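Have a look at the structure below before the remarks.
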Amino acid sequence: MKIVSEFPLFSIVPEWLIESKVSDNAIRVYATLCRFADKVDGSCWPSVATIGKRCGKSGSSVKRGIKELKDIGAIEVKPRFLEDNAGQTSNLYIIKFNPAYSNSDTEPHVKDELEGGSNKVRKPKSINQSHSIKEQTNKNEIYKALTDNLYKPKTKNEISSFNKVAKDLADINATYKDVEDRIKIYRKKWANMTLTVFALSKNWSLLGEMHEQYKPPKVHDCKTEGCKWIDLDVIYYCQFCKKEKTK
């Protein structure tokens with residue numbers, strides 16, 4: 001079974017970039033980043049090696065292209081770090097599809113953010129508060145599963161993306177273990193592909209089917225489930241624990 005990639009089969013490069021003074025190398029890097037970018041906020045975080053592999057460029061060429069794009073305002077580049085400052089991981093890139101405005105201008109308000117600024121937009125209390133509390137608890141559990149098994153979001157765009165996916169998965173009654181299992185099977189089958197929260201959400205059902213397909217068979221426990229006896233004429237023989245008993 002083959003998973004459907006979250007990346008489109010083509011990239012559209014805007015005319016303003018083609019008419020700019022950047023090199024052809026920079027345009028190819030921009031087009032490659034667009035294939036990874038979220039279509040709402042333009043965020044993505046592929047490694048330099050992944051970008052180079054996709055556009056057929058060396059690491060140094062990719063870095064030069066990123067600098068050109070950053071200098072003309074075509075992208076923003078923000079460093080990301082592993083937990084406890086254990087080292088730097090791939091950068092966060094924010095694509096400016098139109099440099100006349102910032103992507104953050106169109107970013108939706110995130111309600112009840114788990115992290116981030118203090119200016120939160122709060123929902124009015126529901127009449128059925130117990131139901132609302134349960135929904136928020138489920139969302140918090142999914143958010144924690146995403147941060148524990150992917151990474152902790154640091155930017156406002158990343159936090160917004162994690163919150164949206166956590167809410168969507170909570171709405172279908174996903175659990176912490178569901179998230180953990182699907183992330184494991186994705187990384188096992190496509191170790192060289194960047195896993196985003198939106199890719200996880202988009203391929204949720206398919207990843208669930210794959211997890212069931214590759215799940216090891218359940219081991220029969222005779223102590224709790226009882227022996228499975230085979231009649232050998234003279235005795236009974238358990239096919240699991242190998243016990244014998246006389247007839």
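Structure above, values below:
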| read-out | value |
| --- | --- |
| Every residue from region 7-57 that is farther than 22 Å from ARG80 by Cα and of a type in the set (S, T, N, Q) | SER11, SER20, SER23, ASN25 |
| Search result, residues across region 211-227 that are at pLDDT 85 or above and surrounded by 13 or more Cβ atoms within 10 Å (Cβ to Cβ) | CYS222, CYS227 |
| Scan of region 178-198 for residues that are without any contact (Cβ under 8 Å) to a residue 24 or more places away in the chain and either closer than 18 Å to ASN163 by Cα or aliphatic (A, V, I, L, M) (or both), ordered by number | ALA191 |
| Yes/no for LEU33 being surrounded by 18 or more Cβ atoms within 10 Å (Cβ to Cβ), over 21 Å from PRO153 (Cβ atoms), in contact (Cβ under 8 Å) with a residue 24 or more places away in the chain and touching a helix residue (DSSP H, G or I) at 6+ places or on another chain (Cβ under 9 Å) | no |
| Search result, residues across region 40-84 that are aromatic (Phe, Trp, Tyr) and assigned to a loop (DSSP other than H, G, I, E, B) | TRP45 |
| Restricting region 169-204 to residues that are over 14 Å from the mean Cα position of the chain (by Cα) and among the polar types (S, T, N, Q), the residue that is surrounded by the fewest Cβ atoms within 10 Å (Cβ to Cβ) | ASN173 |
| Close pairs from region 69-82: first over 14 Å from SER43 (Cβ atoms) and of a type outside the set (D, E, K, R), partner loosely packed, with under 14 Cβ neighbours inside 10 Å and at pLDDT 90 or above, Cβ under 9 Å, at least 6 apart | LEU69/VAL77 |
| Qualifying positions in region 199-230 - without any contact (Cβ under 8 Å) to a residue 12 or more places away in the chain and farther than 14 Å from LYS184 by Cβ | SER205, PRO217, LYS218, VAL219, ASP221, LYS223, THR224, GLU225, GLY226, ILE230 |
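Rundown of residues vs (1) modelled with pLDDT of 90 or more; (2) more than 19 Å from ARG80 (Cα to Cα); (3) not hydroxyl-bearing (Ser, Thr, Tyr), yes/no style:
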residue	(1), (2), (3)
TYR93	yes, no, no
GLU115	no, no, yes
LEU169	yes, yes, yes
LYS184	yes, yes, yes
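The values are calculated or read from the model by the stated rules, or taken from the named source; none is laboratory data. Worth saying up front: this structure is predicted, and the values here are computed from it rather than measured. Using ideal geometry, Cβ is built from the backbone for each residue, glycine included, and neighbour counts are taken over all protein chains shown.
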